[in-house]
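The values are calculated or read from the model by the stated rules, or taken from the named source; none is laboratory data. Owing to the predicted nature of the structure, the values given are computational and were not obtained by experimental measurement. So basically every Cβ, Gly included, is an ideal-geometry build from the backbone, and we count neighbours across all protein chains shown.
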Amino acid sequence: MVALIPVLPLLSFLIIGLNYKRINKNLTSWLACGTVFLSFVLSFMAFMQVKSSGVNIEIQLFEWIATQKFSVGFSFLIDPLSALMLLIVTGVSFLIHVYSIGYMSHDEGFNRFFSYMNLFVFSMLILVLGSNYLMMFIGWEGVGLCSYLLIGFWFKNTDYNNAAKKAFIMNRIGDLGFLLGMFLIYVTFGSLDFKTVFSLAASYPVGSTVLVSATLLLFIGAIGKSAQIPLFTWLPDAMAGPTPVSALIHAATMVTAGVYMIARSQAIYVLAPFTMNVIAIVGIVTALVAATIAIYQNDIKKVLAYSTVSQLGYMFVGLGVGAFTGAMFHLTTHAFFKALLFLAAGSVIHALGGEQDIRKMGGLRKYLPITFMVFLIATIAISGIPPFSGFFSKDEILVHAFAQNKLIWALGFFTSLLTAFYMFRLLFLTFNRTFRGTSEQQHHLHESPKVMTIPLIILAILSLIGGIIGIPEIMGGHHALQQFLNPVFNSTGETLELSHSTEWILIASTVAGAFIMIIFAWVRFYKKNIIPAPDTTPRSAIVQLFIKKWYVDEIYNVLITKPIYWLSGFFHKVLDVKIIDGMVNGFGNLAVWTGGKVRYMQTGNIGFYLSAMVLAVVAILMFMMI
Amino acid sequence: MYYKYFKMEQYIFYSLSTVAVFSALMMVISKKPIHSLLYLLLCFFTLAGHYILLNAQFLAIVHIIVYAGAIMVLFLFTVMLLNLNIKGEMQKPLVARIVAVVAGGLLLVALVGLLKGMDSSTGIMQTDNQIGLMKNISNTLFNEYVLPFEVASVLFLTAMVGAVMLGKDESKV
Amino acid sequence: MPINNYIVLSSLLFVIGLVGVLVKRNALVVFMSIELMLNSVNLLFAAFSVYHNNASGQIMVIFIMVVAAAEVAAGLAILVLTYRTNHSIDINLLNTLKH
């Protein structure tokens, strides 16, 4: 029955995908959303079973690769970690599917969209359910593929196609690291199965080279998939896809696959402190850089995209300092409020008929009240204001970071300030004061239909109360999530040695800082109504750096893209045309030339033939004699 | 007595061979076709002499009748009737002739070289064998080789019909 | 008579005939050289039949003669035909098979 969880979306994908020209839109909606809902129900049942019994569910469907030296089964594992991920994936996917029914209702590629989305859900479920690295890799690749398909959904636009290609290629670069890590793990431990690898790894000393290398390589895969520095430029460009895609793939699920993978491999990561440091550093740098870029972005979705990169950085910081539960907690809450933010942004875009520049928005509060309310809730959550969910998860990570490395904590603190600032900037500029768009858009402003707003409301409620599962002890709650995930992360690396007062001071300072930034944003954008300047105004150098996204795209262009194009051109012009074609044509020319020369033997002169015959006979005789 | 016969045979053999080779050479070398014809005729006669030396009586007579009597006459007829006795200046290019002679020479060397290492004392033939007598030949011919014999007659028929067909003057039909 | 003598004689005649075929341009002389080659083989067959005391060799000679006769008949007929078109029996003129 557990096997049904991924199979249902797969079936839906097949049915819709194979009939996408003829199938009725209603049927598609029911089929797509229904199967995901059923998967959610089954996941919930599996979750309850694991929670109550404490025993993991393991199922092997069939023996996939069965050679003597290497055998991998197609098997699923549901332990607390994957149960949590299952709930998130199926739940949020279901809500987004329902939302998409309304958002994509006017699109002619409706059926195609839902088939791709279901394929994505299937791949993500395989990734989460897999009980060995190879299964996880199947899902890993599958979600990369679906990301490509969905980003380039409106394929008639070349820019979107380029964005899809960029996403896929960067993903693949990371996948190379993942593959190498898998090879190394197999060579060292002789198996790719999680249980086997982790139990064998326990006997290795801390910091052994092979573990450090393997974990670093796996982390490279996570960098590509979860858009960390240096492979993060695909995520903002991926906003070319429809908004539900951005919500599902690039906020809640695919980009969190990297975090999940590292959390799953916790057993080998705690044995490689060097890699953990690397992860933390990469995470915090990413968070900081993305936040600085987000302050100056003027496209709703781009702001949210950089915000995603930044929050992912936070999750990796959590992993890097040993707060595995904290990272998973932040993953959960981030899924809620980031998906909500994207869907709300989609609602805004839908209402404005496609406008995405926030300088042309404003005053939408009275036209889109529900959207405004949910957006507000999500923004407060992401800024880390209690008692919203984001506060608990972000705080847990920061507290652990403080215990590990004060510098990381300081940078994380600064980044959370920036987060609060740019998110509220976005809110105020979009929804408050007066409308700055054209009057024609103003006529068309309307609240989204119920099928779009109900998922928004559900997600808002979750963003509000989702923090319950992780209330730390100092505030009186027992950290339910931590206890739930206890069997997976044998919390050896997670006990804090901070005194309670230190913790309180840290929490208070974070909240205070967030409040100050909110007030600052309010003053700047609400009271003073300062609108971001058009793109052509000259700025100071640092601001220019932020606006130009730290010139990363340009650097990549010069360092990598241009040389590769040159190399490809070289291969084409010289190797392919001249050498290979030359050889192949050369053979043909050689045959023709030889024929032209041998033709002269056909003189038609019998005497010549006879002489040749005699010489040949002589030769044979000589050959036989000697 | 025996010794004398041997010497006589060898003497006859060598003289006949000389004449044969000489006439063959002259046939190839001479410029006029009539001369080639006549030299070939001489060669055939010497070959008939060789057959008699081998006591292949039937063969010798048949050789003279068929070759000298029929084939050479046919050639002579063709030459005479078509007036082909021109002193041909047509000669093949020097290269071709040299290559031909070299090729032939090589072949000769090869064939004769095969004899190297063979003991020349073995292979003495007796000249008073009975195998060439007509009785014995016809015995073998009609007992073992009767089918080829019959087929040969068909072959002759074909050749005759072919020659007549080819020689027919088409314009008169 | 040692058999070697006959072998050498026969080879000599054969090669002379061969050279004649290759060197001469007059079709008639070429024919005659072919006849010479056939005859040299006849001689060798007869010699070997006496050597092995087997009549088959001489019967082979009979058949060779049969074939030679038939061949001369047909060949001369063809020769006459070509003479009618080319008005010459130069074999170098028979080169329409050339490229």
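Odds and ends about this structure:
- For B:L40, the criteria (1) assigned to a helix (DSSP H, G or I); (2) surrounded by fewer than 20 Cβ atoms within 10 Å (Cβ to Cβ); (3) within 9 Å of chain C (Cβ to nearest Cβ) hold in every case but one, which is (2).
- Contacts under 7 angstrom Cβ, first residue in region A:69-91 being part of a strand (DSSP E or B), partner at pLDDT below 85 and of a type in the set (G, A, S), 6 or more apart: A:F76/A:A3
- Qualifying positions in region A:363-396 - among the hydroxyl-bearing types (S, T, Y) and crowded, with 23+ Cβ neighbours inside 10 Å: A:T371, A:T379, A:S383, A:S389, A:S393
- Residue identified as under 30 Å from A:F113 (Cα atoms) and of a type in the set (S, T, N, Q) among A:S53, A:S82, A:S71: A:S82
- Enumeration of residues in region A:609-619 that are more than 7 Å from chain B (Cβ to nearest Cβ) and either within 12 Å of B:L106 (Cβ to Cβ) or among the small types (G, A, S) (or both): A:A612, A:A616, A:A619
- B:N83 meets the conditions (1) more than 9 Å from chain C (Cβ to nearest Cβ); (2) polar (S, T, N, Q); (3) under 19 Å from C:N39 (Cα atoms) in every case but one. The failed one is (3).
- One residue stands out in region C:9-60 among those that are small (G, A, S) and in contact (Cβ under 8 Å) with a residue 40 or more places away in the chain: the one that is nearest to the other protein chains (Cβ to nearest Cβ), namely C:A47.
- Per the listing A:A247, A:A287, A:A240, the residue uniquely within 26 Å of A:F546 (Cα to Cα), crowded, with 24+ Cβ neighbours inside 10 Å and more than 14 Å from the chain's Cα centre (by Cα) is A:A287.
- In the set (1) surrounded by fewer than 16 Cβ atoms within 10 Å (Cβ to Cβ); (2) closer than 18 Å to B:V66 by Cα; (3) not hydrophobic (A, V, I, L, M, F, W, C), the condition left unmet by C:N95 is number (2).
- The residues in region A:354-397 that are touching a Gly at 6+ places or on another chain (Cβ under 9 Å), under 23 Å from A:M452 (Cβ atoms) and at pLDDT 85 or above can be counted, and the count is 4.
- Answer from B:L47, B:L74 - the residue that is in contact with a Leu (Cβ under 8 Å, 6 or more places away or on another chain), at the interface with chain C (Cβ under 7 Å from one of its Cβ atoms), surrounded by fewer than 20 Cβ atoms within 10 Å (Cβ to Cβ) and not basic (K, R): B:L74
- Test: A:V303 is touching a Leu at 6+ places or on another chain (Cβ under 8 Å), in a helix (DSSP H, G or I) and surrounded by fewer than 20 Cβ atoms within 10 Å (Cβ to Cβ): no
- Index of the failed condition, B:I86 passing every other in (1) modelled with pLDDT of 90 or more; (2) part of a loop (DSSP other than H, G, I, E, B): (1)
- Criterion applied to A:E58, A:E63 was being free of Cβ contacts under 8 Å to residues at least 12 places away in the same chain and under 27 Å from A:D193 (Cα atoms), and the one residue passing it is A:E63.
- Residue in region A:340-355 that is under 30 Å from A:L407 (Cβ atoms), of a type in the set (G, A, S) and crowded, with 24+ Cβ neighbours inside 10 Å present: no
- Looking only at region A:249-267, and only at residues there that are at pLDDT 85 or above and assigned to a helix (DSSP H, G or I), the one that is nearest to A:L343 (Cα to Cα): A:A257
- Subset of region A:15-36 (residues that are surrounded by fewer than 18 Cβ atoms within 10 Å (Cβ to Cβ) and in contact (Cβ under 8 Å) with a residue 40 or more places away in the chain): A:G17, A:N19, A:Y20, A:K21, A:K25
- Count of region C:75-85 residues, restricted to those that are more than 14 Å from chain A (Cβ to nearest Cβ) and surrounded by fewer than 18 Cβ atoms within 10 Å (Cβ to Cβ), is 5.
- Condition broken by A:S203, with the remaining ones in (1) assigned to a helix (DSSP H, G or I); (2) without any contact (Cβ under 8 Å) to a residue 40 or more places away in the chain satisfied: (1)
- Flag if A:L42 is at pLDDT 85 or above, within 19 Å of A:I59 (Cα to Cα) and assigned to a helix (DSSP H, G or I): yes
- Figure legend. Inter-residue proximity from region B:139-168: first residues at the interface with another protein chain (Cβ under 9 Å from one of its Cβ atoms) and under 18 Å from C:M65 (Cβ atoms), second residues of a type in the set (F, W, Y) and in a helix (DSSP H, G or I), beta-carbon distance below 7 Å, spacing 6+ or different chains. Indicated pairs: B:L141/B:F149; B:P148/C:F63; B:A152/C:F63.
- Matching residues in region A:77-102 - criterion: being touching a Gly at 6+ places or on another chain (Cβ under 8 Å) and surrounded by fewer than 24 Cβ atoms within 10 Å (Cβ to Cβ): A:L77
- Condition met for A:M135 (crowded, with 23+ Cβ neighbours inside 10 Å and within 30 Å of A:V50 (Cα to Cα)): yes
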